[in-house]
Amino acid sequence: MSVSVLSPSRLLGDVSGILQAASLLILLLLLIKAVQLYLHRQWLLKALQQFPCPPSHWLFGHIQELQQDQELQRIQKWVETFPSACPHWLWGGKVRVQLYDPDYMKVILGRSDPKSHGSYRFLAPWIGYGLLLLNGQTWFQHRRMLTPAFHYDILKPYVGLMADSVRVMLDKWEELLGQDSPLEVFQHVSLMTLDTIMKCAFSHQGSIQVDRPSDPTEEGSTTEGGGAGEDQEEEAFGFSGYPPLGQRAPGLPRPCWCSGWNCFRNHLDQMPYTTMCIKEALRLYPPVPGIGRELSTPVTFPDGRSLPKGIMVLLSIYGLHHNPKVWPNPEVFDPFRFAPGSAQHSHAFLPFSGGSR
């Protein structure tokens, strides 16, 4: 009986053949994928030919436009250069169209397009699928359950606690204003906010503002280029060129002074200038800079331009609020933009988005 034994050379030849076949298969798959990406990019270029944008690299997109700490400046530049919308190429085959026109915003927010999965999926492990990440009917069900918590009457029992926290902060300011140095209010307002949240949400007894050790470098710091005592009232209570908060602005009714800090909800509509300042701050620095949507059906905008199904759009709220065609001199803090009776587009001011989610 004979026994056949594979020679080393024959074994190596078989392995070499398998590797060659695997290499050819991999090359074929890469070629197919490259063709798919090329065809997809050509489809995107054709779909977005009505929307001009800065020159982009065929592979790296607009990555050269993105510099560290320059994102907001880039948005402002594009808003001024490209009307209403501008494609932002993330890389060769992925693009999202940034919208910053109120008419465009109104069209998209009036639809029921799902949230862009790629923009939000990184948040899911952190905050879970709540109101921020849910879509459609599930979002409506959860929002309906929480509707009572958003009612203004819920805030009435907490107004006294809020007023106490503000009073503690103002008492500290009264002491610090006698030190002949400008007062940096950011840390104080942040601490007052924390104090209010602790009292209202967690029934904390005491005051975070009083219990927290004060930092003299934090409370008595001077700003660069500012002289001692210069514009103290404007630094602490308002803005240069505007009446301090709580005083009557020209043309507005006299504000209501709260006796014993027992302010209630019916006093809030008697503080128009404070409301104007809050809205103008939200315009300059919106808490939600942008929201993503993936078009479930084609859309046509009021100016005749259109986008096909499947395109990702980013509703740039920051770009909308800094659009000079919507808000003249957008970088200037001007509370009178929101004066009673002022005319605005219904979707020109969207600090917390709008429409269905």
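The values are calculated or read from the model by the stated rules, or taken from the named source; none is laboratory data. Because the structure is predicted, anything quoted here is derived from the model rather than measured. Using ideal geometry, Cβ is built from the backbone for each residue, glycine included, and neighbour counts are taken over all protein chains shown. Side chains are part of the model used for accessible areas, which takes the heavy atoms of the whole protein and leaves out ligands, DNA and RNA. Shrake-Rupley method; radii C 1.70, N 1.55, O 1.52, S 1.80 Å.
By accessible area, using a 1.4 Å probe on protein heavy atoms only, region 1-159 has 64% of its surface on carbon and sulfur.
Rounded to the nearest 20 debye, the dipole magnitude of region 77-125 is 240 debye, with +1 charges on Lys and Arg beta carbons, -1 on Asp and Glu beta carbons, and the Cα centre as origin. Accessible area per residue was computed with a 1.4 Å probe on protein heavy atoms; W139 scores about 30 Å².
Near V97, the amide H atoms lying under 5 Å from its own belong to H88, M312, V313, L314; only residues 5 or more places off or on other chains count, and H is placed 1.01 Å from N. A 1.4 Å probe run over the protein chains yields, for region 151-217, 62 Å² of accessible area per residue, whole-number rounding. So, R0 is 22 Å and r is the distance between the beta-carbons of F60 and L27; what FRET efficiency does that work out to, to 0.05? That pair, F60 with L27, gives E of 0.40. Modelled this way, with points 7 Å down the Cα-to-C-beta line, the labels at S353 and A149 are 1.7 nm from one another. Sorting M145, M192 on solvent-accessible area from highest to lowest, probe radius 1.4 Å, gives M145, M192. Here the Karplus curve 6.51 cos²θ - 1.76 cosθ + 1.60, taken at θ = phi - 60°, turns the phi angles of region 138-151 into couplings of 4, 4, 4, 5, 5, 5, 5, 5, 8, 3, x, 6, 8, 6 Hz, with x standing for Gly and Pro. Per-residue extension of 0.36 nm, minus the Cα-Cα distance of L90 and R167, leaves a gain of 22.9 nm for this segment. Of the residues E331, E174, ranked by 1.4 Å probe accessible area with the largest first, the sequence reads E174, E331.
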